[in-house]
Amino acid sequence: MMNFVFPAAVQAAIEAGKYVQVFTSAGVPIGMARDAATGQFVAHAVGAIVNNSPLAPLVLPVQLVMSGLQMYQNYKGVEAVKADLEVQRQQIHMGFQAVQASMGVLQATTAVIGVGTFAGVALSAVNLHQTLKLKKAVEKLEVKVENGFINLEQLLKGQGAEIKQLISEVVADIKFENHRLVLVRAYGLFNQAIQRMRSALQIQDINRRNAEIDAARGMLFEALADYRNPHLLEETCAAGQLRRLECSWAIEQSIIGTYQVQNEFGAAGDRLSQLQQQIRQDGLTVIADCDSDEELDFLFPEITRIHNHDLAALDIWLNQIEWIKALPEIELKQLQSKDFTNAKFSSSGDEKSATTASAIPDEQLFYENLRPKSHFYGLRTQLELMLAPQQRQEYEDYIIEQGKIAGHKSLVASNLEKASDFAVANLFYYFRVRDESEEEKVVAIP
């Protein structure tokens with residue numbers, strides 16, 4: 001369940017009936033409000049609440065989504081263009097700046113995770129909770145990102161001597177150094193592309209601006225190829241793969257942003273749909289490569305956060321694009337002429353984020369509650385079902401079949417449909433172990 005958060009004055013007007021939220025033709029809210037009497041657009045949302053928690057994706061900056069409705073090009077007079085570009089530049093700059101901060105943190109933690117024989121060391125030092133705190137430190141400029149990495153002494157502040165020793169071994173590993181050099185180059189390309197985008201948005205001539213945006217996008221695609229290098233991913237443990245792939249998703253979001261700035265809503269929407277599918281498929285690949293409890297402890301909360309928040313944020317963005325594509329020309333012009341500076345992020349929103357970062361994440365608590373009630377394979381399967389609900393039917397069919405054999409009359413389709421993924425995964429492995437034991441008894445009979 002998702003609810004949008006508007007500036008206090010706008011929210012009060014919505015509750016009083018003066019303003020109303022905007023919905024797509026399918027009845028989906030997009031995070032925009034309009035005047036109930038005149039139909040004029042008045043503000044866009046500054047955030048959202050998902051399952052009673054503030055929308056806080058791990059990879060995708062909320063700023064980029066909430067400023068999405070500002071990401072367009074105007075074709076009006078020169079003076080109007082100057083004014084609109086400044087508002088647009090500030091909105092987009094905020095989004096891309098957040099992407100940079102996210103990228104720096106995600107990449108920096110690969111120096112802790114390592115590759116090869118050092119894979120998986122000290123994962124607790126960069127788990128979901130620690131990563132969220134580190135992101136907040138970077139946003140506040142308390143920790144500096146250089147070449148896509150963070151000074152490890154800052155990163156490891158408060159960690160034990162044993163973990164520091166293990167990480168020093170990772171840094172000394174020649175295989176990791178080879179990976180690090182590729183990531184430094186890729187992050188450098190990404191950073192240059194973002195800087196080029198910022199400069200492009202200062203150009204008033206539409207053709208020259210588009211040429212610069214095209215060039216920046218080309219650099220982003222080049223950086224993306226390095227992060228998704230299959231050879232390097234194969235050499236990395238599941239946790240390390242997830243971090244590299246998260247960086248690639250951040251770059252994909254920047255690429256989508258370049259299309260939307262150029263009013264290429266069809267291309268932007270298509271890539272958003274592809275990215276949602278890619279995240280799910282990448283997640284399943286990482287889960288399949290997870291072969292230890294330590295890695296599962298790292299992956300489960302993080303992938304849950306990505307599922308609950310990042311994919312939800314992409315849904316918002318896609319719904320906005322589909323809505324813009326369907327707008328009548330008169331309303332599109334009205335949207336383009338609107339200054340939404342009154343809907344910028346407020347300090348109260350920052351305080352919520354800070355609270356979220358300092359507290360143990362809900363996903364971590366959720367996992368810690370499940371862990372004693374299940375086992376490695378059951379938990380890993382539950383994670384798979386979260387990303388690929390279409391696979392659940394196969395598990396339910398097996399449970400129903402085995403339930404009939406065992407005489408469990410309650411294990412029927414109508415009951416299993418109401419069961420949680422956790423229950424389905426555990427039932428599946430209960431019967432699977434039981435089934436394998438029966439087969440072993442038959443083989444053992446002389």
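Looking at this structure, is Arg185 free of Cβ contacts under 8 Å to residues at least 40 places away in the same chain, in the same structural domain as Gln130 (by TED's automatic domain parsing) and of a type in the set (Lys, Arg)? Against the criterion (free of Cβ contacts under 8 Å to residues at least 40 places away in the same chain, in the same structural domain as Gln130 (by TED's automatic domain parsing) and of a type in the set (Lys, Arg)), Arg185 does not qualify.
Just name the residue that is surrounded by the fewest Cβ atoms within 10 Å (Cβ to Cβ) out of those in region 288-330 that are touching an Asp or Glu at 6+ places or on another chain (Cβ under 9 Å) and more than 19 Å from Gln130 (Cα to Cα). Across region 288-330, the extreme among qualifying residues is Ala288. Within region 198-232, being exposed (fewer than 12 other Cβ atoms within 10 Å of the Cβ) and in a loop (DSSP other than H, G, I, E, B) holds for Gln202, Gln204, Asp205.
The values are calculated or read from the model by the stated rules, or taken from the named source; none is laboratory data. Since this is a predicted model, take the numbers as computed values, not measurements. No Cβ is skipped: glycine too gets one built from the backbone with ideal geometry, and neighbour counts run over all protein chains shown.
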